[in-house]
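The values are calculated or read from the model by the stated rules, or taken from the named source; none is laboratory data. The shown structure was predicted, so the numbers you read here are calculated from the model rather than taken from an experiment. Here Cβ is always computed from backbone atoms with ideal geometry, including for glycine, and neighbour counts include all displayed protein chains.
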Amino acid sequence: MILSRLSRAFFIVAVLAVPAVRAWDYEGHRVVNQLALQALPAEFPTFVREPSAAERIAFLGGEPDRWRNVPDGPLRQSGGSWTDHFCDVEQLQDAGLDPATLTSFRFDFVVAYAAGRAAHPDKFPAINPAKNSDHTREWPGFLPWTITEYYGRLKSAFSYLRTFQELGTPEEIANAQANAIYVMGTLGHFVGDCSQPLHTTIHHHEWVGPNPQGYAVWSGFHSWIDGGFIKKAGISTASLAPKLTVAQPLAVGPRGDGRDPLFVAVMDYMTAQHRLVEPLYQLEKAGKLSDELEHSGKFNQDTAPVNEEGRAFVVGQLLKGGQMLAAIWLTAWRTAPVDTYLQGQLQKRQGIKPAPAAKKE
């Protein structure tokens, strides 16, 4: 890949200034969350479509990236500040793990992965302690687990919201709605991350290791996909909304293998995006994420025309993110259980005698 010295320098500085891998710049994450809102069916609670709520959900699409303003210490290992944003599928396989059978329990997975890594030391290069002050390089990333956990939080939020709507005060209802909005928007960030194929691979910034196809080895590639290309191509919510379909819930019925069905759906979704890593690099190699001028060393991001095949790829990924997010929101709303404890407490507060619990057979 030949870039002007100025362009290459800009991208290298930009990447080095960022403490972790990003997927879609803030505008891209806004698009994903806004598309998800527009894909929701009419049955979904209308409060999320009110202008202030819709803007809040869009704004929260960038929230987990903002947590990185505290760059050091244990926060980098948790809270979505680093390892929750990605999952390098190749490292799962190198540890002898099959993505199709992985446990949905985060810490059970940690144990299994650590054992697999120890059993296959030849697959994992030594870690430089000087570049691992946050102790994150031992791990492949936890993106599917993060999405599943936020889904659980959203089900909880919808569960107590319904109870407050039945028996609570206006203030309690407003607070419960605000909590649901917060979880919806924050969850959207991670689903958006998952729609960016470079968040599923060790080749997240450039092609690493053997490279017989001559794929990109300039570290600005990820940054260009996340924001530069989106801006250059004029990709926006308004331009993509007509391509949406009405969201359908995910299949979350009991499974014979005992695995969490939402986790399985998310893992399947992530591995599907992983299969697009090499096609994305092929587009870059062919100049379809910029223009043929890039290969002549005269590439200028501001003046080069947008290749429609490259644009279609990025548009497709943003749409997938929005559609998947809407499906997860809808599934959480439909499957939220009755908060029987809260229901009983609010009934007591109002002097209502709770109905007797059903006898177990």
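Quick look at the numbers
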read-out	value
Test: residue in the stretch 169-183 that is over 24 Å from residue 55 (Cα atoms), at pLDDT 95 or above and surrounded by fewer than 20 Cβ atoms within 10 Å (Cβ to Cβ)	yes
Close pairs (7 angstrom Cβ cut-off, 6 or more residues apart or separate chains): under 23 Å from residue 335 (Cβ atoms) in the stretch 159-174, charged (D, E, K, R) anywhere	159/339; 160/339; 163/339; 164/172
Residue in the stretch 286-318 that is modelled with the lowest pLDDT, counting only those that are more than 25 Å from the chain's Cα centre (by Cα) and hydrophobic (A, V, I, L, M, F, W, C)	293
Subset of the stretch 126-156 that is under 21 Å from residue 97 (Cα atoms), in a loop (DSSP other than H, G, I, E, B) and not small (Gly, Ala, Ser) - its residue that is nearest to the chain's Cα centre (by Cα)	142
Test: residue in the stretch 116-128 that is crowded, with 19+ Cβ neighbours inside 10 Å and basic (Lys, Arg)	yes
Breaking point among (1) closer than 29 Å to residue 109 by Cβ; (2) in contact (Cβ under 8 Å) with a residue 12 or more places away in the chain, for residue 253	(2)
Cβ pairs under 7 Å, 6+ apart, first in the stretch 269-286 and free of Cβ contacts under 8 Å to residues at least 60 places away in the same chain, second surrounded by fewer than 16 Cβ atoms within 10 Å (Cβ to Cβ)	283/309
Residues within the stretch 157-172 that are out of contact with any Asp or Glu (no Cβ under 7 Å at 6 or more places or on another chain), not charged (D, E, K, R) and not in a loop (DSSP other than H, G, I, E, B), tallied	6
Qualifying residue in the stretch 214-225 (condition: modelled with pLDDT of 95 or more and β-branched (Val, Ile, Thr))	no
Scope the stretch 44-82; condition at pLDDT below 95, loosely packed, with under 14 Cβ neighbours inside 10 Å and among the acidic types (Asp, Glu); matching residues	72
Pairs with Cβ under 7 Å, 6+ apart, first in the stretch 31-48 and at negative phi, second surrounded by 24 or more Cβ atoms within 10 Å (Cβ to Cβ) and assigned to a loop (DSSP other than H, G, I, E, B)	32/24; 32/61; 32/195; 33/61
